[in-house]
Structure formats: structure tokens, C-alpha cells
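Q: The structure follows.
The values are calculated or read from the model by the stated rules, or taken from the named source; none is laboratory data. Here the structure is a predicted model, which means the values were calculated and not measured. Cβ placement follows ideal geometry from the backbone for every residue including glycine, while neighbour counts extend to all protein chains displayed. For accessibility, only protein heavy atoms count, side chains too; no ligands or nucleic acids. Shrake-Rupley method; radii C 1.70, N 1.55, O 1.52, S 1.80 Å.
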Amino acid sequence: MSSSSSVTSTSSSLGTQIDVASLVSQLMSTEQQPIINLQNQQANSQALISAYGAVQSALGTFQSAMSGLTDATQFQGMNANSSNSSALTATASTTATPGSYSVSISTLAQAQTLVAPGVVNQTAAIGAGGTTTLTFDFGTINGNTVNSATGKYGTSLSATTTSGSTTVTVPGTANLAVGAAISGNGIPMGSTIASITDANNFVISSPATASGTSVSLQTGATFSASTTSGSTTVSGSTANLSVGATIVGAGIPSGATIVSITDANNFVISSAATASGTGVALEAGTTFTSNGSGAKTVTINSSNNSLQGIASAINAANIGVTATIINDGSSTPYRLTLSSNSSGANNSMQISVAGDAALSSLLTEDPSNSSVQNLTQTAAAQNANFTVNGIAVSKPSNTVSDVISGLTLNLQQTSTTPIVLSIAQNTSSASGAVTTFVNAFNALHTVINNVTAYNSSTKTGAILMGDFAVNTLNSQLHEMLNTPVNGAGVLSSLPDVGVTFQSDGTLAVNQTILNTALSKNFSDVAALFDTVGQATDPQISYTSAASTAKAGNYNVNISQLATQGSLAGSAAAGLIISSGINDTLNVTLNGASAAISLTPGTYTAATLATELQNEINGSSTLSSAGAVTVAQNNGVLTVTSKKYGSTSNVSLSGNGASNLLGSAPVSTTGVDVAGSIGGVAATGSGQSLTASAGNALGLKILVNGGALGDRGTVDYSQGFAGQLNLWAKSQTASTGLLSSAVAGQNSTVKNLGTQITAQQARLSLLQASYTKQYTALDLSLASMASTSTYLSQQLTALVKSN
């Protein structure tokens, strides 16, 4: 705050004896000196505030640099180099092991795309507009027998020939002979005994449909076979077939499956077929197995039952499917395409429609039933298939992080030749991080030096020379840099990595020494600078640490492992689900509650477990609280929360609860991990254990399993960057030394301003008083001068008259 006083010139028209304005101005100039002194003090405080601000700003920049260096990847980074980066790239974490891998990529993962039949108008209503539910489930299509011509599952094929034989088990073959005619129920006409295997078995020339015990046969004499069994070889293209797929057709027994694929033109089915010869019509079917992620629903009604409305509703529902409309230029050009947002063979779609018949005929898609496959598949859901060092791997995504520890593979193209993936320590990144550390310190040092230095030539000091706050900070900074780091391995000081102080107070790097340290003790360089925690037990990992945790080696003892909440049935589940009878459940999962409904039908224990898991995990309310797995053992279901800890729990009620779990299911609430860190009891939350006292206060670890009792140690070190980050953060906070110094100077400026204002008010009154007094004096003198003149004139007149 700066101000000055001035004299206002005031004079009487009668007074001309004294220059009042000049006289008052001179008097006030002397009186104003205290204000000038206060203003000089105020300017000095403002200059100090500005200097402190420069240090604060530099300290904030330094803290930001130190914070960035607390990322372990800055010092422990690994390089992943691919010999064919067009086909494969990779990123390596700090846990990756240096080495070389050979990778071959045969197929890339892709998501399924289905296309609906075309319609004339994309905005016209489809159907009557009644409420209709689209249910999307995701899973694996077993058999994978898609017809490339129709884009539908269930391949129709015409076998060129079918052939087979039947083995017959009888009480004895003593009276039989090869070539003898054989007839009977289920035995094709003209069948003969092709061979006699042993005393109780013979083979007939044609496959028989009869099977089981007491089959009536005749070979000139009547006898009963105890069993008959057989298989059929089918000749026809096997390009779209796979083992396990069902096979149907004329003369094929119900339930027959493909048991093996002999070659490109022959496969064997599990049952003996009666059809034989050329041109036999067959159809290979599929099965659909849900992946357990939960079915998702979309509601269509009169407000959105156009193709455009359906696409918008599906996209708005955010169910993992993207709907688009494509105009193919035909007479019915608008076609709805549905693409799964997730790649992989276990993310194929099954779509059921409940409600409007027109929508059902447009959108129902059941890959296991060829009669209700109304959409065409244009892209199949498939896994990425590749090999690593000759080991075959199949993954649902082209981004794979769970094959090689510490590596994330990005598959981009198939490759006909092996790709060499080399993993090596990223010493250049670590070297750059050390340089960043040195540069950050030097920038802070320069600012501090500029405001505290002494100029011997001018014999003057900078504005903050000798300042307590800045000198204290500078001392603390140098003390930390000169103090060895505990727990950092064989490297404990900056000179160990070639970082030393120069004569001007800055730091410099000896690159030769640093390179040697990086080549011999790569991980220890990181520990010297970074905040690092390392557990000796592979099932325990360091998570984080609060500023209260001190560097050291801490024993870990586990007295209780974290568990998951569960609900176990007391009896085998009823396998028939009926609408309104036992299909409704009220589920509470980890504190969240929602109602779900099971799809009516007849199940096996395994498929019922999958249905229950799907419905629970498919609820948005329940999925926000976690997820469950549902398993069955001899028909008894157990529902288990995927969450660990004391808040993990599962409960079921409703009309379907007792049918699924019996009358007395057993509920178990999860527990938190318990134990000690550094010999002091720690606090558990789920699988996390946090030291609550002692030198390790605030140190957090994750316990993934293992045994109870002594579990080794956790080494925790606060490297230079970690320590300086916490220090700089505390000093830039409102309670730091600089903040306190700035607050003090701001208070001084304010107080000085108050004094200046008071002085200015006093001087204003004093100036008015001086002006009044000297104006009166001037008037008095003027009056006296006038009287003197008058008297002089009178005396002169008297003299003349005499």
C-alpha cells in the first residue's frame, strides 16, 4: 500500500504577506517521513513474499518431478522388441523376466457379427407394438458347424456313402458261420455274418438300429442277442464339422454325435445308421453353452419397434452388443447388424424373443436349433490361437497379459514364420530417470541460490540471504541427499550411481559409474530412488504405503485368511422350473438386493447352476456389488460371492429358494484377512492387510492365500525420489515453512497498511490545522500592514498641513 500527503494551497484574498501553501508543504514533507518509512517496510515485505513465491514455485516443480519418479517403471522398465512388429508387439512390466520367446500366430481373435433379414423401411413399425423382451446370452457354440453358404449353424450335407457294421453279443457262436444270412428286428435285409470275433461275439455286414438286450435274431435258428452295438462311417466333406456336434438325418438314431473325423472326407458317428449308399441327407447340429456372465434384456414396445428404434434401444441398454443399420441396396435394403463388443469363442450370441411374433421371426437366434436361426452370421466369434515356445495357446482377446508373466502381447496379424520376442532391461529409461532427478534438483538449487547468495564484489546479499525458512529447507534437502537409503540393496547413496555434488552446489552424473550400476544392480538402482516394497512370499504382494511408514524389513504373520461369503444347499436342487411356481428369487449379494427370475424349463444340475449364475450376474444392481459363481456337487448347489471379506455374503429367498437349495441352506459370511506386520497387529479388509501401528504404520499388503503363521518378510524402502516427494509435498502445503513465512509477511504488510492509513488520517488533520493557522497569521499580518499604511498616510497628511 503506497500513498502520500500533499498540501492544499489556501489563501485569503486579503492576505498576501505569507506563502501559506509553500510553508505548509514544507512542514508536511517533514511530517510525512514516518509514512515513507512504513511504505519502505511494506515494499520490503512484498519483495520477500515475491522471493518466497519463487522458491515455492520451484519447490512445487521439484515435487512434481519427484512424484513422477516414484513410478517404478521409470527405473525398472523393461523393453520388449519384436522381430515382426506388424504381427506382434508387446509391453513389459517391471516383473517381466529378461529373455527370448518364439511366437507363432495362426488365428486372431474376433467378435461375432449377426445380420438380420432386410426390411423395406427402417423407420416403419415392425409387428403390432406389444411389449417384447429381447434376451441376449453369451457363450460358446459347440460343434461350430456353420454353413458358409447360409451363414447359419447346422450344416446340411449330402454324404456320398455311409457304411457300418454291428457287433452282436450272443450266448455262443458255435453254430454260426461267416456268410450266413442274419435277420431280425432292426437288422437290414440282406445282412450277413461278416466275421466271428470270438465265442460270444460276431459282426454283421450292415449297421443295425436295434440295440440293448434280448434282441431277437434269426440265422436259420432263432436266438436272442444280449447286446448289439455299432457305429457308422460317413463319407462327405468334413470342412465345417467338429467332434461332439450332433448329427441328424434319415436312418440316423436320435442323439448321434460325431465321435471322430477321420480325414477331409470321412467321419464316424456314435450310432449305427440304417441309411446307406449315396446321397444320404444329413445335418450336423450344434449346442450353445452360456459363459455365465449373465443374460441381458432389452425391451421393445410401440415407441421403438422400428428397425431404427430397435438399434437405438440395444445400444442404449449397454449390454455388450453394438447395433447398426446397413443399406445393402436391395429391394429390402435395411439390415440390422449386431456385433458383440467382446471377442473370443465364448462370446457368441444367443437371442431369444418373448412377445411380438414379427419381432421374434426377425431376431430370434438359437445356434442349437436350426429352425429358429433367423439371423445370418457374417463373422464368427473365435479365439486367438498362437504358440509360445511351441506351446499352443488359445485366448479370447488379441491383447493377452496372462501367458508370459509381466508381458502383455498385442496380436495384430497372423504369421507364417515364428516371431522372436526379446525382453531386456530398459537401462536407457533408468538412466534418463536419474538425469531427470539431477535436473530437478539443480533447478531448485538455482532458485534458492539466487535468493540467498552473497555478492562479494558489491558486498550485498540477496533478499533471502540468512532467511530462516529457506535456510532450513536447504539444510533439510541436503541432509536427505547425503543420508544413505535403508533397504535399497547394495546401493545406498547417490555416489554409488555416479551422482555427486559439484563445487557450485549442483549435482552431476558420471555416466560411466551409472551404466556400471545399471548393468550389475539394475533393480537396486530403482530401490535407491523409488518407493519399493517386495515380499518374500509369492502369495503376498506390496500394495502401497502411507507417509507414516518407515523404511525397513518387516515380518509378516497371518492368523486368518480372507474368505468369500457363500450359500450352500441342504438338498439336491429341483430341476424343473415352472413359471409362477418356483422361478422367482430375491437375492442379496454383498449388501445389494434385487429380484431375479429363472427361465422356466427342465434342467440338469449343471445347466441349472449356469442359469442361476447368469441371472444373478446379469442383474445390474447385483453386478455393481460384485458377482457370484454357482457350482453343483451331486445335484446340490452352492452360490459363492467373488468378493472377499466381512462384507461378502449371499442370501436367497422367494418362491424358488427352497427348490434350489432345500429347506435349510447353510449361509457363510466371508471374513477379512488378519495378522501382523512388523510384530504389531494389522487391520484387515478383504485380502488387504494394513499396518496400524509401529514403524510400518500405513504399510499395506495383499494376501492372496497360502498357509497361516509366519509368511516371511516385506522389504520397504523409501528411495531418494520417494522421500523428496513426501518432503516437498509437506513443504508446499499450508503448514510448510514457506507458507508460514509468506503468511507472516502478509500479516506484516496488512499491519503496515493499517499504520499508514492511520498516519495519513493524522496528517490530513495536521495539514488542515497548519493551513488554518498560517492563513489566519497571513490575514493578521495583512491587516497590520493595512493599518500601518493608513497610519503612514495620516501622518504624511498632517505633516503637509503644518
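Q: Say R0 is 51 Å: what FRET efficiency, to the nearest 0.05, do residue 758 and residue 459 get from their beta-carbon distance?
A: Working from the Cβ atoms, E equals 0.85.
Q: Using the per-residue mean of other Cβ atoms lying within 10 Å as a proxy for protection, in what order, highest first, do the peptides 764-771, 581-588, 672-679 fall?
A: Descending packing order for the listed peptides: 672-679, 581-588, 764-771.
Q: Could I ask something else about it? Packing-wise, with mean Cβ within 10 Å as the measure, how do 725-732, 592-599 rank, highest first?
A: Result, highest mean Cβ count within 10 Å first: 725-732, 592-599.
Q: Still on this structure, please answer the following. In a shell of Cβ-Cβ distance under 11 Å around residue 565, excluding residue 565 itself, what net charge do Lys and Arg (+1) and Asp and Glu (-1) give?
A: Net of charged neighbours comes to +2.
Q: Let me ask another. Give me the percent of accessible area attributable to carbon and sulfur for region 594-711, probe 1.4 angstrom.
A: That fraction is 51 percent.
Q: Lys/Arg Cβ at +1, Asp/Glu Cβ at -1, dipole of the chain taken about the Cα centre: which of 712, 519, 339 is farthest positive-ward?
A: Selected residue: 519.
Q: Calculate, for region 697-802, the solvent-accessible area per residue in square angstrom, rolling a 1.4 angstrom probe over the heavy atoms of the protein chains.
A: 54
Q: Quote the accessible area belonging to residue 478 in square angstrom, nearest 10, computed with a 1.4 Å probe and with ligands, DNA and RNA left uncounted.
A: 50
Q: Another one. Pairs of alpha-carbon atoms within less than 8 angstrom and 6+ residues apart define the contacts here; what relative contact order does the chain have, in percent?
A: Worked out over the chain, it gives 18 percent.
Q: Next up: Using 7 Å Cα-to-Cβ label points, what is the residue 559/residue 378 separation (nm, one decimal)?
A: 6.4
Q: Once label points are set 7 Å from the Cα along Cα→Cβ at both residue 287 and residue 177, what is their separation, rounded to one decimal in nm?
A: A separation of 4.8 nm, rounded to one decimal place.
Q: Give me the extension gain from residue 133 to residue 30: residue separation times 0.36 nm, minus the current Cα-Cα distance, reported in nm with one decimal.
A: 27.6 nm
Q: Something else: Be a star and scan region 623-637 for residues whose amide nitrogen sits under 11 Å from the point 7 Å along the Cα-to-Cβ vector of residue 544.
A: Inside the label zone: nothing.
Q: A further question follows. Got a number for carbon plus sulfur as a percent of region 401-511's accessible area, 1.4 Å probe?
A: Of all accessible area on region 401-511, carbon and sulfur atoms account for 49 percent.
Q: Something else about it: In deg cm²/dmol and to the nearest 500, what is the mean residue ellipticity at 222 nm of the chain if only DSSP H runs of at least 4 residues count, each as -39500 (n - 2.57), divided by the residue total?
A: Helix contribution divided over all residues of the chain: -9500 deg cm²/dmol.
Q: Going from most exposed to least, what order do 652, 608, 777, 27 have by accessible area with a 1.4 Å probe?
A: 777, 27, 652, 608
Q: How high is the FRET efficiency between residue 369 and residue 666 when r is their beta carbon distance and R₀ equals 35 Å, given to the nearest 0.05?
A: 0.35
Q: Further question on the same structure: Over region 608-661, what per residue volume does the convex hull of the Cα atoms give, in whole Å³?
A: 85
Q: Let me ask something else about it. Between residue 450 and residue 510, what FRET efficiency comes out of the Förster formula 1/(1 + (r/R0)^6) with R0 = 22 Å and r the beta carbon distance, rounded to 0.05?
A: Given R0 = 22 Å and the Cβ-Cβ separation, E is 0.25.
Q: How would you classify region 59-149 from its alpha-carbon gyration tensor, with a ≥ b ≥ c the square roots of the eigenvalues: rounded for a/c under 1.5, else prolate if a/b is greater than b/c, otherwise oblate?
A: oblate
Q: For residue 520, give me every one of the aspartates and glutamates with a C-alpha distance below 13 angstrom, ignoring sequence neighbours fewer than eight places off in its own chain.
A: Result set, ordered by chain and number: 496.
Q: In Å³ and rounded to a whole number, note down the convex hull volume per residue for the Cα atoms of the chain.
A: Measuring per residue, one finds 349 Å³ for the Cα hull of the chain.
Q: Provide the packing ranking of 134-141, 740-747, 113-120, i.e. peptides ordered by the mean count of other C-beta atoms within 10 Å per residue, highest first.
A: Going from most to least packed, we get 134-141, 113-120, 740-747.
Q: If you don't mind, there's one more thing I want to ask. Roughly speaking, what is the stretch gain from residue 54 to residue 102, that is 0.36 nm per residue apart minus the C-alpha to C-alpha distance, in nm to one decimal?
A: 11.8 nm
Q: Further question: Among all the lysines, which ones have a C-alpha under 18 Å from residue 700's C-alpha, if same-chain residues fewer than 8 places away are not counted?
A: 550
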